[in-house]
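Below: the structure, in C-alpha cells.
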Amino acid sequence: MENELHSINNIRSLEVINITSGVKLGYIKDLKIDCEDYKVISILIPVNKSNWLSKFELMEIPWSSIIKIGVDVILVKGEDKNTVSM
C-alpha cells in the first residue's frame, strides 16, 4: 500500500469492502496500534449489531491486508474471518 497520510476520523467514516468476496464488511470500530513502533497492527470491525447491554464481536483485519484506502471505501483482501469478542 502507498504511504499516504489519513486521519483516524476520516478512516473510521469509510466503509470496508472485501475485494475477494465482494462483501461489505462495515465500518471501522477501533484500531490496534503498536505503541513501541508507532504502527497500526489491525482494524476492528463489528460483526453483528447489538444493543448497548450485550457484548459484541469484532472482526480483526491485519493492516497488511488493506489494499487501498480510497475516497469512499477501504479495500481489503482476505478470506478468513477472525473475530475477537469484546
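The values are calculated or read from the model by the stated rules, or taken from the named source; none is laboratory data. In this text the structure is predicted, and so the values were computed from the model without any measurement. Neighbour counts run over all protein chains shown; Cβ positions are idealised from the backbone, glycine included. Surface accessibility is based on the protein's heavy atoms, side chains included, excluding ligands, DNA and RNA. Shrake-Rupley method; radii C 1.70, N 1.55, O 1.52, S 1.80 Å.
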Task: First in the range 61-72 and among the charged types (D, E, K, R), second anywhere and open to solvent by 80 Å² or more (accessible area, probe 1.4 Å), Cβ under 8 Å, 6 or more apart - done: Lys68/Met1
Task: Leading residue by the ranking (most open to solvent (accessible area, probe 1.4 Å)) among those in the range 5-22 that are assigned to a strand (DSSP E or B) and touching a Phe, Trp or Tyr at 6+ places or on another chain (Cβ under 8 Å) - done: Glu15
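Per-residue answers, yes or no, for (1) of a type in the set (Phe, Trp, Tyr); (2) under 20 Å from Leu5 (Cβ atoms); (3) modelled with pLDDT of 90 or more; (4) loosely packed, with under 13 Cβ neighbours inside 10 Å:
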position	(1), (2), (3), (4)
Lys24	no, no, yes, yes
Ser50	no, no, no, yes
Met59	no, no, yes, no
Ser64	no, yes, yes, yes
Lys68	no, yes, yes, no
Val73	no, yes, yes, no
Val76	no, yes, yes, no
Asp80	no, no, no, yes
Val84	no, no, no, no
